[in-house]
Amino acid sequence: VQLQASGGGLVQAGGSLRLSCAASGMSFSIYTMNWYRQAPGKRRDLVASIHSGHSTSYADSVKGRFTISRDNAKNTVYLQMNSLKPEDTAVYYCNAFYRQDMSFWGQGTLVTVSS
């Protein structure tokens, strides 16, 4: 299984970025796909999830600003991030979860939001 995250970068506050995570070597459609983030010196936190049935959930801190989506034909999950704030600065990781022994992580992509 491989998860390849991309799309991070430097953006000014108020700007937008779209992260992508391309999966291979797995039955993508059955997995819940998650985006986590980890700021320096902080724990890794769940940002957004999309389940196999396409239902979604979000951390309170990003509701109304971030949108998670998936394209099962492309084995890819996306995170559209709008109205970015400096506190959104973190390394963003995608995660594929089916059950405890079937959980996989991508390598992370850095998002930096300048004030």
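Average accessible surface for region 31-115: 52 Å² per residue, computed with a 1.4 Å probe over protein heavy atoms with every protein chain in place. How far apart, in nm, are the 7 Å Cα→Cβ label points at SER83 and THR56? Between SER83 and THR56, the simple spin-label model gives 1.4 nm.
Across MET81, MET26, the residue with the most accessible area heads the list, and the full order at a 1.4 Å probe is MET26, MET81.
If you roll a 1.4 angstrom probe over the protein chains with everything in place, what fraction of the accessible area of region 7-87 belongs to carbon and sulfur, to the nearest %? That share works out to 46 percent. Each Lys and Arg adds +1 at its Cβ and each Asp and Glu adds -1 at its Cβ; summed about the Cα centre, region 1-94 shows a dipole of about 60 debye. Remark: spin-label model distance LEU10-SER103 equals 3.5 nm, labels positioned 7 Å along the Cα→Cβ axis.
Rg over Rh for the chain works out to 0.95, using Cα positions for both radii and the Kirkwood form for Rh.
Relative contact order, whole percent, for region 1-103 stands at 34, derived from Cα pairs under 8 Å and 6 or more residues apart.
The values are calculated or read from the model by the stated rules, or taken from the named source; none is laboratory data. Because the structure is a prediction, the values reported are computed rather than measured. Counting neighbours? That spans all protein chains shown, and the Cβs are built from the backbone with ideal geometry, glycine included. To get the accessible areas, we keep the full protein, side chains included, count just its heavy atoms, and leave off ligands, DNA and RNA. Shrake-Rupley method; radii C 1.70, N 1.55, O 1.52, S 1.80 Å.
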